[in-house]
1. Let a ≥ b ≥ c be the square roots of the eigenvalues of the Cα gyration tensor of the range 40-112; is it rounded (a/c under 1.5), or, if not, prolate (a/b larger than b/c) or oblate?
2. Can you figure out the FRET efficiency of Asp61 with Lys112, using R₀ = 35 Å and their beta-carbon distance, to the nearest 0.05?
3. To the nearest 10 square angstrom, how much accessible area does Lys112 have with a 1.4 angstrom probe?
4. Top to bottom by accessible area (1.4 Å), largest first, where do Glu58, Glu33, Glu77, Glu98 land?
5. For Thr21 and Glu98, compute 0.36 nm times the residue count separating them, minus their Cα-Cα distance, and round to one decimal in nm.
6. If you stretched the chain out fully between Gln71 and Ser36, how much longer would it get, using 0.36 nm times the residue separation minus the C-alpha to C-alpha distance?
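The values are calculated or read from the model by the stated rules, or taken from the named source; none is laboratory data. Only a predicted model underlies this, so the values are computations on that prediction, with no experimental measurement involved. Ideal geometry is used to build each Cβ from the backbone, glycine not excepted, and the neighbour counts take in all protein chains shown. Ligands, DNA and RNA are excluded from the accessible area calculation, which covers all protein heavy atoms including side chains. Shrake-Rupley method; radii C 1.70, N 1.55, O 1.52, S 1.80 Å.
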Amino acid sequence: MSIETFDPTAQPNIEPKVSMTTAAIAHIRKQLEKQSDKRGVRLGVKKSGCSGFKYDIEFVDQAQDGDFLIQVADDLELYIAADAAQFVQGTEIDFSREGLNSTIKFNNPNAKDLCGCGESFSL
């Protein structure tokens, strides 16, 4: 039996693997159409929320220094903030609509606890 540990302060040795579902890609495309000066989305993590961390998404026109680039579609770039790479490794970004509600969901295998409202997570 082996024990796995997660150290969120460790520097990533490989590029982060983050994916987006087709529903998430379609949603982000619609949002980018409204902002003609933006060409991608940047995913970061901030200390916040009742569980410790929250995802930070912003529409951007280019990467910031140190960002990782993931080409999720021919016309859509996903930038991962360097300081968030270890937190989001293996995450799948999804978009769901239930009745009148719609939300971006993060299926993060590193998250151990999720806030009841779904806004934050801990590792």
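1. Oblate is the answer for the range 40-112, as a/c is 1.5 or above yet b/c matches or exceeds a/b.
2. 0.50
3. Ignoring ligands and nucleic acids, Lys112 comes out at about 140 Å².
4. Ranked list, largest accessible area first: Glu33, Glu98, Glu58, Glu77.
5. This chain segment gains 26.1 nm when fully extended.
6. Once the chain is fully extended between Gln71 and Ser36, it gains 10.7 nm.
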